[in-house]
1. Estimate the FRET efficiency between GLU42 and THR119 by the formula 1/(1 + (r/R0)^6), using the beta-carbon distance for r and 25 Å for R0, to the nearest 0.05.
2. Beta carbons within 10 angstrom, averaged per residue: use that to sort the peptides 120-130, 30-40, highest first.
3. State the extension gain, in nm to one decimal, for the chain segment bounded by LYS185 and ALA368, taking 0.36 nm per residue of separation less the distance between their alpha-carbons.
4. What number, rounded to the nearest 500 deg cm²/dmol, is the helix-based mean residue ellipticity at 222 nm of the chain, given -39500 (n - 2.57) per DSSP H run of at least four residues and division by all its residues?
5. VAL217: net charge of surrounding residues, Cβ under 14 Å, Lys/Arg +1, Asp/Glu -1, itself excluded?
6. Going toward the positive end of the dipole of the chain, with +1 on Lys and Arg Cβ and -1 on Asp and Glu Cβ, which of LEU171, VAL357, SER211 do you reach last?
7. Pairs of alpha-carbon atoms within less than 8 angstrom and 6+ residues apart define the contacts here; what relative contact order does the chain have, in percent?
8. Compute, for the stretch 167-341, the length of the dipole vector about the Cα centre, with Cβ point charges of +1 (Lys, Arg) and -1 (Asp, Glu) only. Units Debye, rounded to 20.
Amino acid sequence: MTFARQPERVPPAGMKGGNGLSVEVCDASAAVLRRYREDCAEACFMPAQSPDWVSAWTRHTPHPSIIVRLCDGQGHLLSLALEVVQKGRFRIARFIGDRHANGNFPALHVRLCDGFPKTHLTALRDGIRQARPEIDVLVLERQLRECAGQDNPLLGWPHSDSPNVSLAVNLDGGFDAVLARSSGKRKRKQHRSQARKLEAAGKVERRLARSRAEAEVMLNAFFDMKAHRFAQMGIQNVFAPDAVKNAFRTLFGDAAETQDPRFVLHGLEVAGKLRAVTGSSRTGDRLVCEFSSIADDELTDASPGRFLFYENIQEACSEGLKIYDFSVGDEYYKRLWCDLETIQFDTFVPLTGKGRVLASGLSAAARAKHLINNNPRLWRLAKALRRQLGSAHR
């Protein structure tokens, strides 16, 4: 077996085996990203492994980005877009975007409908290990088990349930049917009441970012809202790093200037001020809410966030979508709508001896978090402790 690693041009092969498989592990150069986009034209993937997402994050992340590509005699089989991060004495490779990447699914060629042999996974693991011997562990979290009828091939590696549930709304039958399944009479009444309260403050407009400038305004408002909210809760602000902000500015700004955007921003503006913002991705017949936040001001009690979700879900139904996905996280406002639960999975694959130690620790930590998140009493205690620790450091 031979390996090649060439950052500025696409190598002809990274690893070749007698079974006809080859593995390439390349730095995410412009040429490699172009090929990734070409491969995705005939592949199934979720938004956080889409070419647009990967391109935006590789442009801004401070961490080295790599594309892992598995092929057979017929061509492309599977690709993974990863970032390589130093964690203490360990170096890990994770989905690019880290905690912002949810519902992950690798770019899997559509011809793979009869399963994924373990020999392919072995070749994939060994190819990464030999091409990048400095990587100790693959940390592949928050993965979907299937996408567009295709099973996730990474289920063939040891895995466990992700700590947090993912919630979604079945849109079958349209908006009236959705409301009929989820206390519709009460929701309509609340929505009318919210509208009256908001309109009393001034003009109410639900906006879609249709230009880079509009996307910038909505994202800046969102970042400010989220920073304030996280500070109140005593939670680390995962949107604070400039690299994260700039990746989202590129992603949503680029999308806003296309005819059929795959990433969209909606904002609820009242009296000339944004009071709620959602950022969503579109894939197939699904709209995925990637993030959301509301302003903490005199209109907070009018629930502008719930008002915007109502409007977003209603529009998704009018467009013929089948799923409105709230993504990872179990929150009360999601439960008001959701009738679909998905348990995603995590995979920790050691590539070195010390990587086995880290993989074992990460698995144990994930199991403990799963236990806490799924025990109401422990979860209340954990949130209270988090608030206290946050207050102590402010």
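1. 0.65
2. Ranked by mean Cβ neighbours within 10 Å, highest first: 120-130, 30-40.
3. Working: separation 183, 0.36 × 183 = 65.88 nm, distance 3.98 nm.
That pair, LYS185 and ALA368, stretches by 61.9 nm at full extension.
4. On the way: 11 runs with 153 residues, N = 394.
-12500 deg cm²/dmol, from helical runs alone.
5. Values: positive: ARG207, ARG210, ARG212, LYS245, ARG249, LYS273, ARG275; negative: GLU205, GLU214, GLU216, ASP224, GLU269.
Summing Lys and Arg as +1 and Asp and Glu as -1 gives +2.
6. Farthest towards the positive pole: VAL357.
7. RCO, the chain: 19 percent.
8. It comes to approximately 580 debye.
FYI, it's all coordinate maths here, none of it is from the lab. In this text, all values refer to a predicted model and were calculated from it rather than measured experimentally. Using ideal geometry, Cβ is built from the backbone for each residue, glycine included, and neighbour counts are taken over all protein chains shown.
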